[in-house]
Amino acid sequence: MATQATNALAVAHRRVVRRLLLVVAAMFVFGFALAPLYDVLCQITGLNGKTGGRVAVARPVAVDETRTVTVEFVASLNAGAPWEFAPKVTRMAVHPGQYYQTQYLARNLTDQRLVGQAIPSVTPGPAARHFQKVECFCFNRQAFQAGEERAMPVTFIIDPELPPEVRTVTLSYTFFKLDDAGG
Amino acid sequence: MNIAAAPALNHEHDTHAGPPRGLGRWLLTTNHKDIGTLYLLFSLLMFFIGGSFALVIRAELFQPGLQIVNPYFFNQLTTLHALVMIFGAVMPAFVGLANWQIPLMIGAPDMALPRMNNWSFWILPFAFALLLSTLFLPGGGPAGGWTLYPPLALQTGQAFPFVILAIHMMGVSSIMGAINVIATILNLRAPGMTLMRMPLFVWTWLITAFLLIAVMPVLAGTVTMLLTDKFFGTSFFNAAGGGDPVMFQHIFWFFGHPEVYIMILPGFGIISTIIPTFARKPLFGYASMVYATASIAFLSFIVWGHHMFTVGMPLAGELFFMYTTMLIAVPTGVKVFNWISTMWRGSMTFETPMLFAIAFVVLFSIGGFSGLMLAIAPADFQYQDTYFVVAHFHYVLVPGAVFSIMAGVYYWLPKWTGHMINEKLGRLHFWLSVVGVNVLFFPQHFLGLAGMPRRIPDYALQFTEFNMISSIGAFLFGFSQLLFLYNVIQTIRGGEPATDQVWEGAQGLEWTLPSPVPYHTFATAPVVE
């Protein structure tokens, strides 16, 4: 009788352990699943300033001359990055609905050929989807010969649907060296 | 599955076998009492190690300027202080109490999976040896904060893989402990011990164990992503490769917020056990306590964004996280109300465990209130990353979690050892601690409101006075804990013999056993009611 009770208990323990281990495994996978879920969520909502490589389709919109939005341009580099990188102008006053072009300057400080990629980010986050880049150097990899200096253009338009409380939008690029993703 | 301690049902006496002798007893033990003791002693050691880190931090902050340590080492100390206290002191202490008390409280002969129990403890010393060894590596230990935010955390030098592996080991240990607790509670309750008759400590631990199982794997996942980002070229958190460092914060706090309840729910259970004993009244609102604990656990999964109000979030997100966070005050308020109602018109006496329990109720509530202030998203923009946050979470963790652990140890130590604690020394320890902890952390509220950032080794001159007061409190509190150590050792070695019931108003299965508790108990399950 004693062994019977013990066996029944062992079965019960095994069942509990098996189920809990399943939960553990599922939660471990869930942690990783959050990564693609997060990207999808950011893409749908345009939150988090993720404007990524999205090319805006040029469509005719009315220019809102009554409204002026300040666009600030920021360039950043991680420590030790082998470039010089800066916006040509740091701020512009723009009307929603009108196309503008500006440039970023970059210079290869090394004596080798380098390939870089700029990653854009827009703040405030909710403004990101209203900041549309029609043409951007961030859409492509940028190759630089040793010591080469070049101006890289970006053409953008601010959607007139930009929330009225937003008066300043900041466009920031971080320029990464491509063969060394670790930065 | 090996049921190592399967009860020999035909044995009439439960004192048939004592523990084996020598070191082997502790290395190979599968006895829940031995493992509980090991957990508690390990936790005490970590408490002093983490505490000494804190004292170096407070010594450096006694005056503006750099006096004792360089800023880089200071950052290592803040990081390791947090990791050691969270994963080494508070969590193992609760697991130790669970090991000792859950079988005794539900009438089980041992934990359900005794051999795994041994393993889950013995992983810990290795995990912390690994973590603390990083201090001696070239480049030192982790210095990017315990939250390990990338990209800063990825700049950690040689210590990085050690830290990640240590966290993995702590996670494995916690998950095994939690599985054991759940299996024990679900399968080994004595006949008649229905779920809604379980002591509240058992209930809170059951819920805590589910939290652990749900979130420790998520932590394991996210630190693994850090590891592959650093060494294997993935880009989970690397913007250059299409990742996003902000995503780390979301995943981390999805673990991190339930984690803070993991560190307080068992404390709620201890306080709910001690207050009825010394008020000599049954706990007021037992069922509402169970439901409140479950609601807090549920809410903990949907409030993580309140750690990230300033990171950038749409208005709807800020509002969602703000309201759900404030909602937690409702079940927590129910608990505080019930504790006070239990004391209301009770025949209260104020032995050491009760003093700590009452201080817990008062001081934890202060921590709860500052938590509500931080929950208000627009106000949080001012408080974020200031000493106000430091004051808040230390109020819930030190006079909250740590006091509840000490209350529990003082309360059950006579049952474990058969000797009464030194009451006079216990009260002295209590008063020094309660004064020390308030002198230590209360001024930090003011520092934070005045704008002093956290995690800095030097500060502007106008913060000097409150920092000095805080440091004096830190040394008072820190050195008072030696009294606790002394009292525990003295109680283990001898003292006035304890009766079986120990405390006059104590209720529950553990008090029907002799003091000290025999090595094997409840070989035959007791029948409840």
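Annotations
- Chain A, Rg to Rh (Cα coordinates; Rh as Kirkwood inverse mean 1/r): 1.28
- Cut-off under 5 Å, modelled amide H: who pairs with A:Leu178 long-range: A:Val115, A:Gly116, A:Gln117
- Selected from A:Thr102, A:Thr170, A:Thr66 as most flexible by GNM, with chain A as the system and alpha-carbon contacts under 10 Å: A:Thr66
- Each of A:Val89, A:Phe156, A:Ala79 was placed along the dipole of the stretch A:53-178 (beta-carbon charges, centred on the mean Cα), and the one lying farthest toward the positive end is A:Ala79.
- The charge dipole of the protein assembly as shown, taken about its Cα centre with unit charges on the Cβ of Lys, Arg, Asp and Glu (plus for the first two, minus for the last two), comes to roughly 800 debye.
- Mean Cβ neighbour count within 10 Å, used as a protection proxy, ranking B:296-308, B:325-337 highest first: B:296-308, B:325-337
- Cα centroid separation, the stretch B:149-196 to the stretch A:5-39 (Å): 13
- Within 10 Å of each Cβ in A:7-14, the average number of Cβ atoms from other chains: 5
- Partner chain coverage, peptide B:209-222 - average Cβ within 10 angstrom: 4
- Peptide-level mean, for B:232-242, of C-beta atoms on other protein chains within 10 Å: 5
- Nearby aspartates and glutamates by direct alpha-carbon distance to B:Lys424 (threshold 12 angstrom, same-chain neighbours under 8 apart not counted): B:Glu351
- The distance separating the Cα centre of the stretch A:135-165 from that of the stretch A:60-114 comes to 6 Å.
- Applying a DSSP loop filter and a limit of 15 other Cβ atoms within 10 Å to the GluC sites (Glu not before Pro) in the stretch A:110-153 leaves A:Glu148.
- Using θ = phi - 60° in the Karplus curve 6.51 cos²θ - 1.76 cosθ + 1.60, the 3J(HN,Hα) couplings for the stretch A:142-153 round to 10, 9, 10, 6, 4, x, 5, 10, 8, 9, 10, x Hz; x is entered for Gly and Pro.
- Nearby aspartates and glutamates by direct alpha-carbon distance to B:Lys281 (threshold 12 angstrom, same-chain neighbours under 8 apart not counted): B:Glu504
- Sequence-distant lysines (8 or more away, or on other chains) whose Cα lies within less than 27 Å of A:Lys88: A:Lys50, A:Lys133, A:Lys177
- Of the trypsin sites (Lys or Arg not before Pro) in the stretch B:16-107, those whose Cβ has at most 10 other Cβ within 10 Å and which sit in DSSP loop: B:Arg21
- Residue ranges B:152-159, B:101-108 sort as B:101-108, B:152-159 when ordered by packing (mean number of other C-beta atoms within 10 Å per residue, highest first).
- Sorted fewest first by neighbouring Cβ atoms within 10 angstrom, B:Ser480, B:Ser433 come out as B:Ser480, B:Ser433.
We did not get these values from a lab; they are worked out from the coordinates using the rules stated. Predicted model, so just to flag it, every value in this text is computed and none were measured. All Cβ positions, even for glycine, are placed from backbone atoms using ideal geometry, and neighbour counts span all protein chains on display.
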